[in-house]
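Here is the structure we will look at, set down as C-alpha cells.
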Amino acid sequence: MFKFVDLFCGTGGIRLGMEQAFKEKSLPTLCVKSAEIDKKVCETYQLNFGENPLADVKDIDELEPFDILLAGFPCQAFSYAGKQQGFADTRGTLFFEIERILKNHQPRLVFLENVRGLTTHDQGRTFTTILNRLSSMGYEYEYRLLNSSNYGIPQNRVRIYIIATLASKPELTLPNDSGAVDSHRYHAAPQLSLFGQYSFRSVKDILENNPDVKYDCSPDFTRKLEEFFKGDLEKLHGMRLIDTRHGNSIHSWDIAIKGECTVEEVELMNSLIANRRKHIFGKHQDGKALTIEQIKHFYPHQHLYSLLKSLIAKGYLSEKAGKYNPVCGNMSFEVFKFLDPESISITLTASDAHKLGVYHCERVRRLTPRECARLQGYPEDYKLHPDDRYAYKQLGNAVSIPVIKKLFLDFLENNSNFVLKTDAMVSVLN
C-alpha cells in the first residue's frame, strides 16, 4: 500500500491523476492526509473523495508515515497573470511549509506542480532556490515543462512539474514540450508527431450538444454580434472581445455596448488602440494615454476634438490632464473569448473560466462547468460544485489530470529499482 499526502489539494486533480496511474499498474494507494483552506473547494473534494480536507498546511505537524507527497502549491506568487512577487509574496513562502514537512517525514517521492512563471521568476533564481532546497534535503529531481494540449486535452495550458526522489535520481522519458504558443498557431500547425507519442483533441470533442439555456448569451448581446457579423456567426470562432488590442478582436464600440458610435468614432477608437503602444509615444505598454496632438499623428480628422468629446460622453474614452485613454472594461462582456471548435482553448483561469464562449449548434453561449471540467480531463462521473460560481473558479485553478497520470506512469515504468517503504512492507516496482 502506497500512502500519500495531498497538500494544497484543491479539488483533487493531482490525486486523481496519481491514483489512475497507480491503479493501471495494479498498485494500491491510500491518502493519509489532505489539506486545503478554501471551504468551497473542500466541499467539492468531499463530494468526490468522502473526506473534508479543510486544514492549513502551516498547522500540519504530526503525520503517520507516508511514501509520497503531492503538492500543487499556490501559484499566484509566480503567475504571469499576477504581480510575480515570488518569495516576497506570503503565498510564495508556502513552499517552505512543504520543505518543513519533507524534513520531518522524508517521503520517498515528491510531486510538485506550478505555473510556468515559476521557472523564470526573478531571472530563474526562485526556481533555483526551490531545487537547491530539495537537494539540501537529499532529494534528486527531474522536472518537465508540459502543455496539456499534447495529452488529449484541448487546452493550451503549460505547467512545470517536479518529481523528486530520495537518494537516487528519477528517470523520465517524457520530453519537455510547451506546445503551440497559442490556439491560432496550434490550429495552423500539423497535429501529428513524428513519433506519435502525443494525443490531440480539439474543443469540439468536449462540447455538450444541448446544455441548459441558462448558459446562452443574452438576446441583446447575441443580436449585437449578429449585426456585427451580418448574420454569419461562424466568424465568432476564435474571436476575442477586448478593448486593449486590435487584430482578431471585437471591441465594445464595435457592438455598441455603451452606446452607438459613428463610423468616424469607431475608426478613431481602432486607430487609438492600434497606435498607442508605439515607442514614439513612450516605452510603457498598457495604460498609455495620449494627447490630442499625439493622436493627430495617426488620426488627423478635422473634427477630432468633437469626436473625442463624444466618445468620453459615451464612456469609451477618459480624459485626464489633457491625455486620452480607452476605458477598458473587458470583463463587462458576457464572453471575452469565443473558442474555435477546431482548435484548442486558451488557458482556463479562476477569474474568467465563466466568460469563455462558443458558437455551437446555432447557439451563442458560455462554456458549461462540465465542459470546463473536460478541458482539464476530469472524469465524467466527477461531481462538480453545485454552485456554478464556485465550479468555474475551482476548475480554472485545477490541474490537467491526464498530464499528471502520464507523468506518474512514466515514472513507474522507468524506475523499476525504486523502492517505496511503508510501515508494513517494502514494495519494489516491477
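The values are calculated or read from the model by the stated rules, or taken from the named source; none is laboratory data. Computed from a predicted structure; not experimentally measured. Backbone-built Cβ (ideal geometry, glycine too); neighbour counts: all protein chains shown. Note: accessible area is taken over every heavy atom of the protein model, side chains too, but ligands, DNA and RNA are not part of it. Shrake-Rupley method; radii C 1.70, N 1.55, O 1.52, S 1.80 Å.
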Of (1) open to solvent by 10 Å² or more (accessible area, probe 1.4 Å); (2) at pLDDT 95 or above, Met1 satisfies every one except (2)
Output for Cβ contacts, cut-off 8 Å, separation at least six or different chains, first residue open to solvent by less than 30 Å² (accessible area, probe 1.4 Å) in segment 29-48, second hydroxyl-bearing (Ser, Thr, Tyr) and in a strand (DSSP E or B), reads Tyr45/Ser34
If we ask which residues in segment 16-54 are in contact with a strand residue (DSSP E or B) (Cβ under 9 Å, 6 or more places away or on another chain), closer than 11 Å to Lys405 by Cβ and among the charged types (D, E, K, R), their number turns out to be 2
Margin query: Regarding segment 309-323, can at least one residue be identified that is over 36 Å from the mean Cα position of the chain (by Cα) and of a type in the set (Lys, Arg)?
Written below: yes
Those residues of segment 17-28 which are surrounded by 14 or more Cβ atoms within 10 Å (Cβ to Cβ) and touching a residue at least 24 places away in the same chain (Cβ under 8 Å) amount to Gly17, Met18, Gln20, Ala21, Phe22, Leu27
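To keep it simple, each residue is scored yes or no on (1) without any contact (Cβ under 8 Å) to a residue 24 or more places away in the chain; (2) open to solvent by 10 Å² or more (accessible area, probe 1.4 Å); (3) more than 22 Å from Glu51 (Cα to Cα).
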residue: Leu375; (1), (2), (3): no, no, yes
residue: Glu380; (1), (2), (3): yes, yes, no
residue: His385; (1), (2), (3): no, yes, no
residue: Leu395; (1), (2), (3): no, no, no
residue: Val399; (1), (2), (3): no, yes, no
residue: Val403; (1), (2), (3): no, no, yes
residue: Leu407; (1), (2), (3): no, no, yes
residue: Phe411; (1), (2), (3): no, no, yes
residue: Asn414; (1), (2), (3): no, yes, yes
Only unsatisfied item for Glu342, checking (1) touching a Ser or Thr at 6+ places or on another chain (Cβ under 7 Å); (2) among the acidic types (Asp, Glu); (3) surrounded by 15 or more Cβ atoms within 10 Å (Cβ to Cβ), is (3)
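Tally up the residues in segment 203-227 that are at pLDDT 95 or above and either open to solvent by 70 Å² or more (accessible area, probe 1.4 Å) or not in a helix (DSSP H, G or I) (or both), please.
17
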